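Single-structure report; data block below.
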Amino acid sequence: MSRNYLIAANWKMNGSNALVKSMCAELTPVLSQLSPEIAVLICPPATLLTAFTGVNALAIGGQDVSAEGAGAYTGQLSAALLLEAGATYAIVGHSERRQYQGETDELVAAKVAQAIAAGLTPVLCVGETLAERQQEKTQQVIAKQLMAVYASHPELLVKSVIAYEPIWAIGTGLSATPEQAQETHAFIRDTLAQLNQDAAEQVRILYGGSVNAENCSALFTQPDIDGALVGGASLKPDEFAKICLSI
Ligand code: PEP
C-alpha cells in the first residue's frame, strides 16, 4: 500500500512576518521539485496564517481548533475561522495543550470531530511520557488516546492524520530511534485496523520529536512512517527545506 507523505511544521508560539517571508522564499523552489505525493504544511501562530500568500503548493494549518462551532468562547478559534484564514489542517491534542491547557481525550475527540465536520484535516497527536515508556505503558497510553477519538466514530479516521510524538522526544534533542518509532507506528496502524482496515492502511502517521535534517532520512525509510511533525527545526528555513527534500 503506498501512502502520500506529509511534512508538517509546528511553529508553536514562535515566528514573525519576517520568518514567513524567508520560509516562503526558501520553500518555493523546493516545492516545485517535490513529487506530488509529498505535501508540506506549516502551522504558524494563528496571527500569521494570512501572511502566507502566493505559495499555492504550501498548505497551512492551525495549531489547535475549538470543539465549538461559534459563539461566546473568548480566545478560541473555530474551524470556520481557520478555514477562512486559508488553513486546511489543524493540529489537535498536542501534548503541550494536553499538559498546559489540561485538554482531555474527550475534548480532543470533540475537536477532531468538529474539525472534520467543517472541512479541516486534523493532525491528531498521541504519545507517551518518559515514565510511561519506562513502565512499558506506551501501547496502553496510545491505544487509549486513539480509541477516545475513533472507537465510536471510525469514519473519521480516513479524514485524519495521526502524529506519534513521544513526549520525552519533544524539544529535547533526543529523537526516538527509527526502530522505536517504527514499532509504535506499526502498533498505531494495527490498533486502527481493528476499527477499519482500509482506513488504517491509508492514514498517514507522522513521527514528531526532535526531527532534524540529520536524523530525518533514517526515520523516513521506515515502512509505517509517512512524514514528520517538526517543531524546533521548522523555524530554520534551510533546515526545514532539507527535511522536505529528504523523503
Ligand atoms: C512538536 O512540538 O510537535 C515537536 C515535534 O517539537 P520538536 O521537533 O522541537 O521536538
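Side notes on the structure shown:
- Euclidean distance of C-alpha centroids, segment 198-245 and segment 130-164, integer Å: 19
- Taking other Cβ atoms within 10 Å as a rough exposure proxy, Val123, Val141, Val161 sort from fewest to most as Val141, Val161, Val123.
- Point-charge dipole on Cβ atoms (K/R +1, D/E -1) for the chain, about Cα centre, debye to 20: 400
- For segment 126-215, size of Cβ-based charge dipole, Lys and Arg +1, Asp and Glu -1, in debye: 200
- Across the options Ala57, Leu206, Cys216, the greatest Cα extent toward the positive end of the charge dipole of segment 5-244 (unit charges at beta carbon of Lys, Arg, Asp, Glu) belongs to Ala57.
- Reachable lysines from Lys137, criterion Cα separation under 30 angstrom, eight or more residues apart if same chain: Lys12, Lys111, Lys159
- Sequence-distant residues sharing a close amide H with Ile38 (under 5 Å, placed H): Tyr5
- The chain: most fluctuating residue of Leu174, Leu124, Leu146 per GNM, C-alpha cutoff 10 Å: Leu174
- Under the Karplus curve 6.51 cos²θ - 1.76 cosθ + 1.60, θ = phi - 60°, whole-Hz ³J(HN,Hα) for segment 196-212, x wherever Gly or Pro sits: 7, 4, 5, 5, 5, 6, 7, 5, 7, 10, 8, 9, x, x, 6, 6, 9
- For segment 7-123, the gyration tensor built on C-alpha atoms gives a prolate shape. Its axis ratio a/c (a ≥ b ≥ c) is at least 1.5, and a/b is the larger of a/b and b/c.
- Helix-only mean residue ellipticity at 222 nm for the chain, each DSSP H run of n ≥ 4 adding -39500 (n - 2.57), per residue, nearest 500: -11000 deg cm²/dmol
- Listed by chain and number, the aspartates and glutamates whose C-alpha is less than 13 Å from the C-alpha of Lys236, apart from same-chain residues fewer than 8 away, are Glu26.
- Rounded is the label for the chain, because the ratio a/c of its alpha-carbon gyration tensor axes (a ≥ b ≥ c) stays below 1.5.
- Footprinting exposure proxy ranking of His153, His94, His185, fewest other C-beta atoms within 10 angstrom first, gives His153, His185, His94.
- Under 5 Å between amide hydrogens, built in the peptide plane, is the criterion, and for Leu77 it picks out Ser66 among residues at least 5 positions away or on other chains.
- Converting phi to 3J(HN,Hα) with the Karplus coefficients 6.51, -1.76 and 1.60 and the offset θ = phi - 60°, segment 29-38 yields x, 5, 4, 6, 8, 6, 6, x, 7, 10 Hz in sequence order, with x at every glycine or proline.
Any read-out appearing in this document is the output of simple, stated calculations on the displayed coordinates, not a laboratory observation. Quick caveat, the model's predicted, so the values are computed rather than measured. Note that each Cβ is placed from the backbone with ideal geometry, even for glycine, and that neighbours are counted across all protein chains shown.
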